[in-house]
1. In segment B:1-59, which residues are closer than 26 Å to residue B:140 by Cα and of a type in the set (D, E, K, R)?
2. Of the residues that make up segment B:208-219, is at least one over 27 Å from the mean Cα position of the chain (by Cα), among the aliphatic types (A, V, I, L, M) and crowded, with 16+ Cβ neighbours inside 10 Å?
3. What about residue A:60, is it more than 30 Å from residue B:117 (Cα to Cα), facing chain B (nearest Cβ under 8 Å) and modelled with pLDDT of 95 or more?
4. Which condition breaks for residue B:34 when tested against (1) away from chain A (no Cβ under 14 Å); (2) modelled with pLDDT under 95; (3) exposed (fewer than 13 other Cβ atoms within 10 Å of the Cβ)?
5. Determine if segment B:183-191 includes at least one residue that is modelled with pLDDT of 95 or more, within 26 Å of residue B:117 (Cβ to Cβ) and of a type in the set (Val, Ile, Thr).
6. Is it the case that segment B:146-158 has a residue that's outside any helix (DSSP H, G or I) and over 21 Å from the mean Cα position of the chain (by Cα)?
7. Which of the following residues is buried (at least 16 other Cβ atoms within 10 Å of the Cβ), more than 14 Å from every other protein chain (Cβ to nearest Cβ), more than 30 Å from residue B:7 (Cβ to Cβ) and among the polar types (S, T, N, Q): B:184, B:226?
8. Exactly one of these conditions fails for residue B:105: (1) within 19 Å of residue B:53 (Cα to Cα); (2) polar (S, T, N, Q); (3) crowded, with 16+ Cβ neighbours inside 10 Å. Give me its number.
Amino acid sequence: MEGLIQVIVQIWLIYTVIGIVFSMLFFKFGLVTVDESAENTTWKFKLLISPGMLIFWPLFALKWKRSGS
Amino acid sequence: MGVNYKAVQWNRQKKNYDVVLWMIIGGIVLLFSSLQLVIHPEITAETLIIRTSALTAFVLLHLILMIGPLARLDTRFLPLLYNRRHLGVSMFLIALIHGAFSIIQFHALGDVNPIVSVFTSNPNYQSISEFPFQILGFIALLILFLMAATSHDFWLKNLSPEIWKGLHMGVYLAYGLVIAHVATGALQYENHPVYWGILFVGFTAVATLHIFASIKENKVLTALKTNAVNEGFVEVLNVESIPISGAKAVFIHNQNIAIFRYLNRISAVHNVCKHQMGPLGEGEIVDGCITCPWHGYQYIPENGRAPEPFIEKLHTYSVKVIDGKVWVNPTPKPEGTYVEPAILEQQ
């Protein structure tokens, strides 16, 4: 049981770290491509949406990829 | 296209709401911490923070859950609904203080990862009095985090209103987990009947308000549907099944009707183009006009008239939207008759 929980927590940590790296790149290069209403938004806005980005980053990776293709 | 996002769309009303909210939160914190100090004079600062934040978040969660049905029962409560998302985020932050201090106090001092320790330190799943209640609280906190993190309009747009709404209905699951967390946790130690009574009163208040609001809504809906039937309307399809700026065709009472969804409105016209009998319901709205998929003949959705200088006219039909369903009166209006479109509720 403990081993399984440890694995889940490790995967969660890795997922979150990838989310942090993705968010930084996405806010810099992809956000406006995916949602044009995010043009000229402040760092406060990006800070507010960043916790959610740590969860939903795969969705935005997909959207970013589609918008570029 | 839309207005660019802002971190918070501040206005005077929202500022007033937040000032009152944080005055209330301050009052609750003061009240609960004073009570704790009176009842347990030996209490440590960490325990005081854990208990006060728990009680404050618990009260706020009840308020949040009661605002919705209260506003449906009596419109005077609508102002409370106005900035409920700030209330929700505030409640989450206070619950986070409770969760963080609890994990630090009870799980951070060993050599096991504190999060792992939450799930593994107490294996008494068969016992009620010793149930690992912290797991329930932890999962509830994760749900509340998910909701707080996606409270900005950015998420409403990018997750889609349907998914966003579904996600935020998770508050009821979180509430159930919190009730179980309190019942199997704090109330196993502080088991005076008064505490159980307070828990019961809170739960009953939330449940009763939801039941009354639901009964009232059902009554209103039943009355609306009865009136619609009496006026000759027929329920035909879900609003969501009609593509935006598009249409769905229905055949009822020998009438071939195209129902269009555009600019948050619904209109219905005869489904046959005057030019070469093309199926208008397979067309779409272009430049505000119904546009035939065959040769591009156009009609104004509200009155079925071709824009000037053209003179073609279609039959129009009365429409209503009740509880997300489109109702149509299949009796055709004379060609070119203006019919008020049904307005859809803003998401």
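1. The answer is B:18, B:46, B:51.
2. no
3. Taking the combined requirement at face value, the residue satisfies it.
4. So residue B:34 meets the others, but not (2).
5. No, segment B:183-191 contains no residue that is modelled with pLDDT of 95 or more, within 26 Å of residue B:117 (Cβ to Cβ) and of a type in the set (Val, Ile, Thr).
6. no
7. B:184
8. If we test residue B:105 against (1) within 19 Å of residue B:53 (Cα to Cα); (2) polar (S, T, N, Q); (3) crowded, with 16+ Cβ neighbours inside 10 Å, just (3) comes out false.
The values are calculated or read from the model by the stated rules, or taken from the named source; none is laboratory data. As the structure is a prediction and not an experimental result, all values here were calculated from the model. For neighbour counting, all protein chains shown are included, and Cβ atoms are generated from backbone atoms with ideal geometry for every residue, glycine included. Note: accessible area is taken over every heavy atom of the protein model, side chains too, but ligands, DNA and RNA are not part of it. Shrake-Rupley method; radii C 1.70, N 1.55, O 1.52, S 1.80 Å.
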